[in-house]
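The values are calculated or read from the model by the stated rules, or taken from the named source; none is laboratory data. Predicted, not measured: the structure shown is a model, and the values here were computed from it. Glycine gets a Cβ as well: all are built from the backbone with ideal geometry, and neighbour counts include every protein chain shown.
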Amino acid sequence: MKIGFIGLGRMGTGMAAHLQGAGQDLTVFNRSAERVAPLTAQGAKAAQTLADLAHATVVFTMLADDRAVREVVLGPDGLLRQLAPGAVHVSCSTISVALSAELAQAHEAAAQDYVAAPVFGRPDAAAAGKLFLLAAGKPVVIGRLRPLFDAIGQRTFVVATQADKANLVKLSGNFLIAAVIESLGEAMALVEKGGIDRHQYLELLTSTLFDVPLYKNYGALIANRQFTPPGFGAPLGQKDIRLLLTAADSLQVPLPFASILRDRFLALAAQGGEPRDWSAIGAMAALDAGLAPTAHS
């Protein structure tokens, strides 16, 4: 297959590299040209404009937010106008449920196929080809895409035939991760103020009740106050909680904890925390408790 890949950020670069490593005929596009060079050195072709992807049978997008996806796909010279009938757009971006539904309708009207395939995993998982994909779309199309999904992830979960359902599941998962980060931060602040070393406390937690990667990885970031460089930026976390609440509003589902997380991210941004990892909200309870924010306090 002739594959296109748009969006070579920290996630997209690793994903595209695995497609290239699987022997795919790969053409990549990114607004920042310096991110293209490592892949072209491995044999990928560089697209100068989106029109250079017109030959592709499958195009992946891995972009930051709704605005970027809308511009790239639905803009005047966007992907929708470039792809031939029968081509497939695979959106791996974490976007709103509403935009995903809009993309599905637009591609169907253009006689193209659309699959939503957002992922669970941080940049290190993308670089290792160990992402988890949440796929939704036509079963026959997803079946054709399986070899590509297998190249970039360790497992693909098919969640629905309606594409936007994958985005709803993805947002719900990010909500759960953020809730874990917040609860870890609160618990660590409590025991630390009571005289317990937070690193020892984390070791206890992750050796007993919470012996899982999520608690170990995010717990270490919080305990070490290691929030830069960001693996997943705080503005992206804030965006995801906002999208989650919008989806919840449309379904009339109250999410009290999500509203608390929204306020945490707003407070982090107001305090200059936007350059940090989204796990930085896990240190805010310590600040509220009057604890020093240093790595070894």
Which one of Ala56, Ala127 is outside the structural domain of Tyr215 (by TED's automatic domain parsing) and within 15 Å of the chain's Cα centre (by Cα)? Ala127
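Just checking, which of Ile222, Ile281 is surrounded by 20 or more Cβ atoms within 10 Å (Cβ to Cβ) and touching a Ser or Thr at 6+ places or on another chain (Cβ under 9 Å)?
Ile222
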Any hit, segment 155-172, residues being over 16 Å from the mean Cα position of the chain (by Cα), among the aliphatic types (A, V, I, L, M) and farther than 27 Å from Ala106 by Cα: no
Just give me the residues in segment 206-219 being buried (at least 18 other Cβ atoms within 10 Å of the Cβ) and over 17 Å from Asn174 (Cβ atoms), in sequence order. Thr206, Gly219
From the options Ile241, Ile196, Ile177, Ile222, residue that is outside any helix (DSSP H, G or I), of a type in the set (A, V, I, L, M) and not assigned by TED's automatic domain parsing to the domain that holds Thr94: Ile196
For Thr228, which of the numbered conditions (1) surrounded by fewer than 18 Cβ atoms within 10 Å (Cβ to Cβ); (2) in a helix (DSSP H, G or I); (3) within 23 Å of the chain's Cα centre (by Cα); (4) not acidic (Asp, Glu) fails to hold? (2)
Within segment 1-44, how many residues turn out to be in contact (Cβ under 8 Å) with a residue 40 or more places away in the chain, part of a helix (DSSP H, G or I) and in contact with a helix residue (DSSP H, G or I) (Cβ under 7 Å, 6 or more places away or on another chain)? 9
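Can you name the residue in segment 10-40 that is of a type in the set (Gly, Ala, Ser) and closer than 23 Å to Leu131 by Cβ and, of all such residues, is surrounded by the most Cβ atoms within 10 Å (Cβ to Cβ)?
Ala16
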Out of Val59, Val88, report the one residue that is among the β-branched types (Val, Ile, Thr) and closer than 22 Å to Arg10 by Cα. Val59
